[in-house]
Ligand code: NDP
Ligand code: OXD
């Protein structure tokens, strides 16, 4: 039987996904009709991007799952019309992209590259950095992306800890977890990498009190989500130099409004939500594998737990 798979993403992304999704279906022997306009009551699976126009899932009475193209699900997890399984994106390309972006910015800050490359006074002022062994990096959120980044940073030589809800066992990475582990994690975070999901429990994890607990001159790198940080508190901490720099890829409002102080703050780097991109070639494999599983009655991969919101 041919399966009807609806692509519910932004129209401009369709040309990029159509080929790779069909190829991935073919590779797994899935007979699918993939389209952007299928009568709702005929749809079997929905390939979904939270920035699509589809918000009411009620008419999709025979759909078996919504397969999210993004890792973050805050834009859909609370949708009351969604009663079927929701999966999120985990794929090799997304993970590799995040490793590259996070490690690149971590090493940039560790080595003080900005100071050495941008030298308007033409002064010969050597300031050698400590070795990575002596730099304590804490990854907040040790899921698919956080664990992968922590592992590579540890192999590079950093002194790495990771904070998550549950205990983790990643080679050479100290596990801190739960509310009790947060204070220690903050105190150790000379460089903090934020890879937590946006949920009610993680909102404002980095508020004024938390920032105060971080070491003087700490660096924040946030490819996770904007609401993890209390923006007002971060700006105060940056103005006092308690936080030396914030490299931010995600914001409460995106695109970041033109008049937002982050744009002009000398100690803030803004990147436009580019840390890791869902790439059609890799993500299509995850989508196809989940449809295969759905059809043979195997558990879906990367199922979202609606109770905790990620
Ligand atoms: P995962 O769901 O795999 O990992 C989330 C991690 O956060 C887990 O380790 C989890 O703990 C931890 N966590 C969740 N809630 C809490 C809490 N209340 N206290 C402590 N730890 C908590 O997600 P991914 O690693 O795949 O992705 C992380 C986030 O990265 C995404 O949600 C998204 O927001 C962002 N992202 C950003 C991109 C970009 O381009 N900027 C691209 C892709 C993702 P536990 O393991 O114990 O459950
Ligand atoms: C994601 C993202 O969640 O791109 O996948 O931020």
- [ ] Provide a single number: the residues in the range 294-309 that are more than 29 Å from residue 201 (Cβ to Cβ) and crowded, with 16+ Cβ neighbours inside 10 Å.
- [x] 2
Open item on the list: Being surrounded by 14 or more Cβ atoms within 10 Å (Cβ to Cβ) and either in contact (Cβ under 8 Å) with a residue 40 or more places away in the chain or farther than 19 Å from residue 70 by Cα (or both) is the filter here; which residues of the range 35-57 pass it?
Closed with: 38, 40, 43, 44, 45, 46, 47, 48, 49, 52, 54
Open item on the list: Against the conditions (1) out of contact with any strand residue (DSSP E or B) (no Cβ under 7 Å at 6 or more places or on another chain); (2) surrounded by fewer than 18 Cβ atoms within 10 Å (Cβ to Cβ); (3) in contact (Cβ under 8 Å) with a residue 40 or more places away in the chain, where does residue 111 fall short? Just the number, please.
Closed with: (3)
- [ ] Only residues that are within 19 Å of the chain's Cα centre (by Cα) and more than 20 Å from residue 96 (Cβ to Cβ): list them for the range 150-167, please.
- [x] 161, 163, 164, 165, 166
Open item on the list: If I filter the range 251-272 for residues that are in the same structural domain as residue 197 (by TED's automatic domain parsing), surrounded by 14 or more Cβ atoms within 10 Å (Cβ to Cβ) and within 11 Å of ligand 2 (Cβ to nearest atom), do I get at least one hit?
Closed with: no
Open item on the list: Go through (1) surrounded by fewer than 18 Cβ atoms within 10 Å (Cβ to Cβ); (2) away from ligand 1 (no atom under 16 Å from the Cβ); (3) under 22 Å from the mean Cα position of the chain (by Cα); (4) closer than 24 Å to residue 150 by Cβ for residue 216 and report which single condition fails.
Closed with: (3)
TODO: Please list, ordered by first then second residue, the pairs with beta carbon atoms under 7 Å, 6 or more apart or interchain, first in the range 241-262 and more than 15 Å from residue 206 (Cα to Cα), second assigned to a helix (DSSP H, G or I) and at pLDDT 95 or above.
DONE: 256/262; 256/263; 261/235
- [ ] Could you tell me whether any residue of the range 23-34 is touching a helix residue (DSSP H, G or I) at 6+ places or on another chain (Cβ under 8 Å), surrounded by fewer than 20 Cβ atoms within 10 Å (Cβ to Cβ) and part of a helix (DSSP H, G or I)?
- [x] yes
TODO: Could you list, in sequence order, all residues of the range 231-252 that are in a loop (DSSP other than H, G, I, E, B) and more than 26 Å from residue 304 (Cβ to Cβ)?
DONE: 240, 241, 242
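The values are calculated or read from the model by the stated rules, or taken from the named source; none is laboratory data. Note that this is a predicted model, so its numbers are computed, not measured. Neighbour counts are summed over all protein chains in view; Cβ atoms, including those assigned to glycine, are modelled from backbone coordinates with ideal geometry.
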